[in-house]
Amino acid sequence: MKLSTHTLTLMGVAVTINIVAALIGKWFRLPIYLDCIGTLLVAVLQGPTRGAVTGLATNLLLGIMANPMSAVFAPVSVVIGLSAGWLARMGGFSRWWYALLSGLLISTALMLVAVPINIYLFGGVTGSGTDLFLAWLLHGGKSLYASVSLTIFSANVVDKTLTALLVWLLVKRLPLRIEAQYPYLYHSHRQAS
Amino acid sequence: MPLIDMQHLNFAYREHAVLRDVNLQLEVGEHLAVIGGNGCGKTTFGHWLSGRLVQGETGNSSGSLLIDGRPWSAFEPLEHARTVQFVGQLPEQQITGLAATVADEVAFGARNLGLSVVEVDRRVEQVLRACELQALAQANPFELSGGELQRLGIGAAMAMQPKVLILDEPGSNLDPASRQVLINTLRQLRQHTTLVLLDVCVEFALQLATRFAILETGQLHHFAEPDAFLRAADRFGTLTGSPVADVGLALRARNLRAQSASLPTTVAALVSELKDLSDA
Amino acid sequence: MTRNVLYRQGDSALHRLDPGIKLCLLAWVACSLFVYPWPVLLAADLLLLAWSASLHLGRFVALRLLVMAGPFALALVIIHAGLLPAADRQRLAALPWALHYSPAGLDYALLVASRFVTFLVASLLFVATTHPLALLRSLEALGVAPGVSYLLTSPMLLIEQFSRRSQAIRDSQQTRGMNIEGSWLTRLASLPSLFVPLVTLALSDTSERARILDARGFRHAAPRQQATASRWQAYARRSILAVAVLQAVIKSCL
């Protein structure tokens, strides 16, 4: 798959936005990461494959630059890009309530990939505050698999839903001259009123 | 055969016609200034000329453009890069985003041409000196001011030593001293480099161009002499004219100087005119 | 860019070692995690920590280890040894109020924790002694496509510009009423005021930057004398990867 230079520069910018978004999230003091907003944007603008590559590049780069463990979760970012692109193809970002639903579906998809990685490589534990929730679920008698699934889903559903909504708004507000550069956007605009 | 041969170019973006029946023949080494107001289509014209329209903006077009007798589609990418370089209006958009230093930014394109390390270094040194960027050679391009970025964008294009250099409002971010530095730099362009200046004001045009044109309502009006060009510019009323020429035009409008007398284009020429008037 | 990377300048043998070889060593470590038991991995961790101290990276590695691995290891032990149901649960000590734990669970927790720590220490040594740009030049010399290199290099160079731009947009939007101090709903509603201009500007830059890259011959570089890796480096890389595969094969046969 030879990507055009325009696609490469878009993905480079999207990876940068993914990394900088975490900083922006801190300014607003909201319990969201926003660290896949660039991935979703590329998926909606150019399709699932390019979205997936953006996610992969983000995690690999974070692994080199900031947290070596980020690279291990690269498959999760790939799945986020793929699912967002497929959902966009089906009009999943053409209305705000569709975007909310897309966020839910993306959270589910990433959970399916993140749970096995998390359990097999990390014993289901993350070393963050969500481990308390995990411990509570386990203490309540749930299996490790169910507990880790619920923990990961809960930790991501708000973030991915809000990110999807934000991406819907971003593409809705794009100027015509920028829109014209991304034919894949047709899927997100065709049903919009 | 002219280097650039544009025949009956028409271009419309959606329903909005931008260029109408534009014709242009440029020979090797000519320096053309195209003057026009904001939104008249200069940048679109420059993009057409450089063969790099933005993806999705090809719109509706007709006419032909041949470079050295061939259309742009017949050029391989590196040959295209060696033939034409276009430097846009916004300085921060003219850098690759791949270079950690100013020197690297200048060297980037030259390296891609397959030049030897010695030749690349020579071109980099030459360009840094010409653009007065030597002190910033190791600086991060993203930390430069607007004016410095503009000089860097032009310098990086010059390092490619293209046959055609197209500059879109090159002085827009520069203070008067920096504008003069850039004018001096462009005067050092190799003799056989064809220069196309796209601008809203005539300062650069008067100091660098050998041919002049005005882009108005999508049409390109050519002028061989600066005098006719400045009078036409005044008639079109779309330009911020040269203050020197404006005074010259005002003198002629008040019949203080003969209409046929050549317009002054430099301060010295204007001073001489005013001295003649006061002596008379 | 240097503020955003973990690289620490130095002149040690590890700093000077070819990034491609270091990457292969890291891959070998990753394979070894599933071959050796936790006591061996913990011994390896101690050796790696001692080595990092000799490279004047001891504090750098230890701090990050504490922050990233400390809570993780603790949570692992509590959950696997303490909370998960297991057939071998027993009292920790011969006291009526002593906690119950699972020895198998503890063994598993130690295995996962030692794998995490080993990979983390090895990765930290890698990123601390390898400048990202040097790594990418090395990958290019190995024949990795310029596009891949661009995708990993460009963001590193753009991060500071984007951070500054975000701050500038934040400051100007705040003067127009964007509120990042109010209730969570107010703050949430203000998110678009920052992201919309940031992303729109970024997308506008994108097409221009692509045009500039194409104009400068990006990805069409004429053949020139590339800095090709030396033969011994190629042997070293292949040998390391061969050992990694071999030990996995041996482990699976045993």
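Annotations for the structure displayed:
- Residues in region B:250-265 that are more than 15 Å from B:GLU225 (Cβ to Cβ) and surrounded by 11 or more Cβ atoms within 10 Å (Cβ to Cβ): 6 in all.
- Only listed residue being closer than 23 Å to C:THR153 by Cα, more than 7 Å from chain C (Cβ to nearest Cβ) and either crowded, with 22+ Cβ neighbours inside 10 Å or not small (Gly, Ala, Ser) (or both), chosen from B:THR101, B:THR96: B:THR101
- Test: residue in region C:93-109 that is touching a residue at least 40 places away in the same chain (Cβ under 8 Å) and among the hydrophobic types (A, V, I, L, M, F, W, C): no
Yes/no matrix, rows are residues, columns are (1) over 23 Å from A:GLU179 (Cβ atoms); (2) crowded, with 24+ Cβ neighbours inside 10 Å; (3) within 8 Å of chain C (Cβ to nearest Cβ):
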position	(1), (2), (3)
A:ASN18	no, yes, no
A:ILE24	yes, no, yes
A:PRO31	yes, no, no
A:ASP35	yes, no, no
A:VAL53	no, yes, yes
A:LEU60	yes, no, yes
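- Residue selected from region C:111-158 under the condition more than 7 Å from every other protein chain (Cβ to nearest Cβ) and of a type in the set (Val, Ile, Thr), by the criterion nearest to C:VAL29 (Cα to Cα): C:THR118
- Any hit, region C:197-214, residues being buried (at least 17 other Cβ atoms within 10 Å of the Cβ), farther than 21 Å from A:ARG29 by Cβ and among the basic types (Lys, Arg): yes
- Pair list, Cβ < 9 Å and 6+ apart or interchain, from region C:190-201 residues that are under 16 Å from A:LEU165 (Cβ atoms) and at the interface with chain A (Cβ under 7 Å from one of its Cβ atoms) to residues that are of a type in the set (Ser, Thr, Tyr) and crowded, with 17+ Cβ neighbours inside 10 Å: C:LEU194/C:SER166
- Test set (1) among the small types (Gly, Ala, Ser); (2) within 30 Å of C:SER138 (Cα to Cα); (3) modelled with pLDDT under 90; (4) not in a loop (DSSP other than H, G, I, E, B) - C:ALA244 fails condition number: (3)
- When we screen A:GLY127, A:GLY103, A:GLY123 for residues that are of a type in the set (Gly, Ala, Ser) and in contact with a Pro (Cβ under 6 Å, 6 or more places away or on another chain), the only hit is A:GLY127.
- If you go through region A:67-77 and keep only what is modelled with pLDDT of 95 or more and not in a helix (DSSP H, G or I), you end up with nothing.
- Single match in C:ALA13, C:ALA53, C:ALA44 (criterion: more than 14 Å from chain A (Cβ to nearest Cβ) and buried (at least 19 other Cβ atoms within 10 Å of the Cβ)): C:ALA44
- When A:LEU137, A:LEU162 are checked against the criterion of being closer than 30 Å to C:PRO192 by Cα and either in a helix (DSSP H, G or I) or within 9 Å of chain C (Cβ to nearest Cβ) (or both), A:LEU162 stands alone in meeting it.
- Scanning region B:196-214 for residues that are crowded, with 22+ Cβ neighbours inside 10 Å and aliphatic (A, V, I, L, M) turns up B:VAL196, B:LEU197, B:LEU198, B:VAL202, B:ALA205, B:ALA209, B:ALA213, B:ILE214.
- Of the residues contained in region A:92-109, none is found to be over 24 Å from A:SER154 (Cβ atoms) and assigned to a helix (DSSP H, G or I).
- Looking only at region C:173-189, and only at residues there that are facing another protein chain (nearest Cβ under 7 Å) and either assigned to a helix (DSSP H, G or I) or basic (Lys, Arg) (or both), the one that is surrounded by the fewest Cβ atoms within 10 Å (Cβ to Cβ): C:TRP184
- All positions within region B:104-142 that are of a type in the set (S, T, N, Q), within 10 Å of chain C (Cβ to nearest Cβ) and not in a helix (DSSP H, G or I): B:SER116, B:ASN140
- The test for being over 21 Å from the mean Cα position of the chain (by Cα) and modelled with pLDDT of 90 or more holds for C:ASP107.
- Just one residue in the set A:ILE64, A:ILE80 is assigned to a helix (DSSP H, G or I), surrounded by 21 or more Cβ atoms within 10 Å (Cβ to Cβ), touching a helix residue (DSSP H, G or I) at 6+ places or on another chain (Cβ under 9 Å) and free of Cβ contacts under 8 Å to residues at least 12 places away in the same chain; that residue is A:ILE64.
- Of the candidates A:LYS160, A:LYS172, the single residue that is crowded, with 20+ Cβ neighbours inside 10 Å, within 21 Å of A:ALA14 (Cα to Cα) and among the basic types (Lys, Arg) is A:LYS160.
- Conditions (1) modelled with pLDDT under 90; (2) away from chain A (no Cβ under 14 Å); number of the one not met by B:GLY69: (1)
The values are calculated or read from the model by the stated rules, or taken from the named source; none is laboratory data. Quick caveat: nothing in here was measured; it's all calculated off a predicted structure. Glycine gets a Cβ as well: all are built from the backbone with ideal geometry, and neighbour counts include every protein chain shown.
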